[in-house]
1. Please report the equivalent ellipsoid semi-axes of the stretch 15-59, computed as sqrt(5 x eigenvalue) of the Cα gyration tensor, largest first, in whole Å.
2. When the accessible area of the chain is split by element with a 1.4 Å probe, what percent falls to carbon and sulfur?
3. Starting from the Cα of Asp38, step 7 Å along the direction of its Cβ; do the same at Lys76; then give the gap between the two resulting points in nm.
4. Could you report the stretch 2-81's accessible area per residue, 1.4 Å probe, as an integer in Å²?
5. Using modelled amide H (1.01 Å from N, peptide plane; none on Pro or chain starts), what sits under 5 Å from the amide H of Val34, excluding residues fewer than 5 places away?
6. In square nanometres, what is the average projected area of the Cα convex hull of the chain?
Amino acid sequence: VDVFQAWCGPCKPVVNLFQKVRNEVGSNLLHFAVAEVDSIDALEKYRGQCEPVFLFYTGRELVAVVRGADAPLLQKTILEQL
């Protein structure tokens, strides 16, 4: 989940990375979503940050968090979690 604030928007360049990895591993294993922290109370602790935050869930459990648009780290985290 790409967690963002309305004033800065979601991290669009990372969408290409997710699509690339999704094509490599199969579409059933990886799902990408965006969530605006200003409209979701459960994400309140991520408000006021100027860097993107990516939350990784397995089922309903948060399993990893990556702060910043670090493509190599995001790809490594995705593959580790799969």
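1. Details: eigenvalues 124, 30, 12 Å².
Semi-axes, largest first: 25, 12, 8 Å.
2. Numbers: 2740 of 5330 Å².
For the chain, the apolar C and S fraction of the accessible surface comes to 51 percent.
3. 3.4
4. Values: 5190 Å² over 80 residues.
Using a 1.4 Å probe on heavy atoms only, each residue of the stretch 2-81 averages 65 Å².
5. Placed amide hydrogens put Asp2 under 5 Å from Val34.
6. Values: hull surface 20.5 nm².
Projected area, direction-averaged: 5.1 nm².
The values are calculated or read from the model by the stated rules, or taken from the named source; none is laboratory data. These figures come from a predicted structure and were not determined experimentally. Cβ atoms come from the backbone with ideal geometry, glycine included; neighbour counts cover every protein chain shown. Accessible surface is based on the protein model in full, side chains and every heavy atom, while ligands, DNA and RNA are left aside. Shrake-Rupley method; radii C 1.70, N 1.55, O 1.52, S 1.80 Å.
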